[in-house]
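The values are calculated or read from the model by the stated rules, or taken from the named source; none is laboratory data. Remember, predicted model here, so these are calculated numbers, not experimental data. Neighbour counts run over all protein chains shown; Cβ positions are idealised from the backbone, glycine included. The area values use the complete protein model at the heavy-atom level, side chains included, leaving out ligands, DNA and RNA. Shrake-Rupley method; radii C 1.70, N 1.55, O 1.52, S 1.80 Å.
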Number of protein chains: 2
Amino acid sequence: MDRRSLIKNAGIAGVLAAGIAPAVHAQAAVRWRLASSFPKPLDTIYGGAEVFSNAVKAMSGGKFEISVHAAGELMPAFGVVDGVQQGSVEAAHTVPYYFYGKNPAFALGSAIPFGMNARQMNAWMMHGNGRKLMDEFYGTYGMVSFNGGNTGTQMGGWFRKEIKTPADLKGLKMRLGGGLVGDVMTKLGVVPQSIPGGEIYQALEKGTIDAAEWVGPYDDQKLGFNKVAPNYYYPGWWEGGPEVDFFINKKAFDALSPENKAIIAAASAMAAQDMLAKYDARNPTALKQLIGAKTKLLPFSKEILDASYKASLQVYEENSAKSPEWKKIYADFLAFQRDQVAWFRVAEGRFDNYMQSMKL
Amino acid sequence: MDRRSLIKNAGIAGVLAAGIAPAVHAQAAVRWRLASSFPKPLDTIYGGAEVFSNAVKAMSGGKFEISVHAAGELMPAFGVVDGVQQGSVEAAHTVPYYFYGKNPAFALGSAIPFGMNARQMNAWMMHGNGRKLMDEFYGTYGMVSFNGGNTGTQMGGWFRKEIKTPADLKGLKMRLGGGLVGDVMTKLGVVPQSIPGGEIYQALEKGTIDAAEWVGPYDDQKLGFNKVAPNYYYPGWWEGGPEVDFFINKKAFDALSPENKAIIAAASAMAAQDMLAKYDARNPTALKQLIGAKTKLLPFSKEILDASYKASLQVYEENSAKSPEWKKIYADFLAFQRDQVAWFRVAEGRFDNYMQSMKL
């Protein structure tokens, strides 16, 4: 049976059962489909779309319903921009940097190596030029965007052997999630591998790959990487505060009533705040358990971070030459980041560092 | 003229002008009043209630309106808990620690010295036991709570003279905003002063007080403190991530339709995220200007932080003896904070520290 008619019928039955007068439900029922780029086992990040959809339904009294579909259900994980652009779905929940191959500028809407942390991204998006510039760019794909979450700073990943200097990266086969970090890692001599989440464990176990990054303790623990690659490095310098977004077909959004537009904006704020808080609440317990299960927690050395930072700047210059959209948006991003970092050094940084030096 | 009838009349006029059928607006119009604890010149923090109220109005198509009243307009800044409890207003926008005098446990809903930063508070509130425990406590005042913002880590304030060791604090007359930090400072030999924002400048200029804390660069700059007390210390260790809340009369909240309850929850998430992003976006520029205007930016020494931390723990023990509510909630707060700090040391802390060490 066709999924859409199933949903539509269920909706009408629900409305009739509730005994609502026809004049009320006839005026405004809106049914959307949302394609997620995430599989259900990534429950925190996938769940962001459910938080959003539930809020939209509750606020509208069921008059605005958005069905959520996991990656692969309606289209492949990385097909969602095409899906939204073509209008085969009204909305997607995804990480903009997945679409780096279409244009590097997509990455600036989520995370770039040595970019901004979650709070700084929010500040740029909401009260800098971030959302305005990104929506100008997304507009060329017929989309508007809303914040749909953040994972916080991710981990640097799992390594079969210890990595002490930039020389240890040369020839290393590493599973990586994005095109931008792939470009940077290539400059460092790493050979980026593209492997779906479900196949990483086996590839690490067999030695087909030497290292893999996934998300952070909560998601990583579920895949059991510590058993086959015990060296767990931090930080994921390519994802200091990766923003997850809702992409919405611009025509579908423009056709909404002012009430429903406002509902979308508030539901996305709710989902965004919820995802970050959920990761922050869940990661500590998982990290403790991983350490209890013989994970070796190790920082990337300063030499490795310095070499990676230098390689990132080279890639940014190349992107500026290739993509006028990257060049324009990155200039604004960097100017904003410079001020953010200068301020975060002061009250926030000193407070966090003092607390992190304490034994509570 | 009575303000309430003014608003009511304006509302009806608006509805009639828009030509909406009587059958629709008759069913569900809700009009609430919200008392803010903030004056309008604190535009970022006061504005949080306006963001909230505007979102509620937009989402409900004007059927749910909340009028926002600055401190002193309907009741004094610190009268808002009584106002909500008695039902003279349905809602308030305030900082829970203002009500420390009623019961120390109020402070745990916003900030305690050496407590959690903004993200950690969100994690505790949303996915720890925070909101549940606080609402159990607020319930004894007939209130429920929603997150209504955060300022991020505040500054330690303006000092006429440099403060190098704990001995320099003895006898210091300092304007402080809250009862809890007052108790801690008293143990350090400081003589806490309670002075409204508008009178601090003159008191510093005349030397009636030796120091004053207010908020952070953006708000502090407007009051011109740097001209009369050039030493600007950081961090405000008593406000690592002070949460601002909406307090809502429980009966009024329970009487709302499910749609309006969901609208309140989402509008508060939107306001909360907006306030923090606005402070983060505005503070850097203000800090640069303050430094340009001869402000001396100085960190509290480790000796001062250590002495303050020790004094804070003493006050927490005393509070546990005095208030069973403090004792119960603080135990949960501390256990959660311990895990948060252990995790924030890793990916987030290392990423932030590396970026803060760079010249961008």
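What to note about this one:
- Test: residue B:153 is of a type in the set (Val, Ile, Thr), at pLDDT 95 or above and crowded, with 18+ Cβ neighbours inside 10 Å: yes
- Among the criteria (1) closer than 16 Å to residue A:182 by Cα; (2) open to solvent by less than 20 Å² (accessible area, probe 1.4 Å), the one residue A:102 does not fulfil is (2).
- Members of the range A:286-303 found to be β-branched (Val, Ile, Thr) and touching a residue at least 40 places away in the same chain (Cβ under 8 Å), listed by number: A:295
- Selection from the range A:179-202 of residues that are open to solvent by 20 Å² or more (accessible area, probe 1.4 Å) and either within 24 Å of residue A:38 (Cβ to Cβ) or outside the structural domain of residue A:302 (by TED's automatic domain parsing) (or both): A:179, A:183, A:192, A:193, A:194, A:195, A:196, A:198, A:199, A:201, A:202
- Residues satisfying the stated conditions in the range A:203-226, i.e. more than 14 Å from chain B (Cβ to nearest Cβ), part of a loop (DSSP other than H, G, I, E, B) and either under 16 Å from the mean Cα position of the chain (by Cα) or hydrophobic (A, V, I, L, M, F, W, C) (or both): A:209
- Qualifying residue in the range B:260-272 (condition: touching a residue at least 12 places away in the same chain (Cβ under 8 Å), over 15 Å from residue B:51 (Cβ atoms) and touching a Phe, Trp or Tyr at 6+ places or on another chain (Cβ under 9 Å)): yes
- Search result, residues across the range B:107-161 that are of a type in the set (D, E, K, R) and in contact (Cβ under 8 Å) with a residue 12 or more places away in the chain: B:119, B:131, B:160, B:161
- When residue A:217 is tested against (1) assigned by TED's automatic domain parsing to the domain that holds residue A:46; (2) under 24 Å from residue B:125 (Cβ atoms); (3) crowded, with 23+ Cβ neighbours inside 10 Å, just one condition goes unmet, and that condition is (1).
- Qualifying positions in the range A:38-64 - of a type in the set (A, V, I, L, M) and either in contact (Cβ under 8 Å) with a residue 40 or more places away in the chain or closer than 17 Å to residue A:78 by Cβ (or both): A:42, A:45, A:49, A:51, A:55, A:56, A:59
- Some residue of the range B:164-175 being within 22 Å of residue A:351 (Cβ to Cβ) and touching a Pro at 6+ places or on another chain (Cβ under 7 Å): yes
- Here residue B:252 does not fit the description of being at the interface with chain A (Cβ under 9 Å from one of its Cβ atoms), in contact with a strand residue (DSSP E or B) (Cβ under 8 Å, 6 or more places away or on another chain) and farther than 30 Å from residue A:358 by Cβ.
- Any hit, the range A:77-92, residues being in contact with a Phe, Trp or Tyr (Cβ under 7 Å, 6 or more places away or on another chain), open to solvent by 10 Å² or more (accessible area, probe 1.4 Å) and among the polar types (S, T, N, Q): yes
- Yes/no for residue B:205 being among the acidic types (Asp, Glu), touching a strand residue (DSSP E or B) at 6+ places or on another chain (Cβ under 9 Å) and assigned by TED's automatic domain parsing to the domain that holds residue B:162: no
Conditions (1) in contact with a Pro (Cβ under 6 Å, 6 or more places away or on another chain); (2) among the aromatic types (Phe, Trp, Tyr), marked per residue:
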{"residue": "A:215", "(1), (2)": "no, no"}
{"residue": "A:218", "(1), (2)": "no, yes"}
{"residue": "A:221", "(1), (2)": "no, no"}
{"residue": "A:225", "(1), (2)": "no, yes"}
{"residue": "A:228", "(1), (2)": "no, no"}
{"residue": "A:238", "(1), (2)": "yes, yes"}
{"residue": "A:242", "(1), (2)": "no, no"}
{"residue": "A:245", "(1), (2)": "yes, no"}
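- Selection status of residue A:231, within 30 Å of residue B:56 (Cβ to Cβ) and touching a residue at least 60 places away in the same chain (Cβ under 8 Å): no
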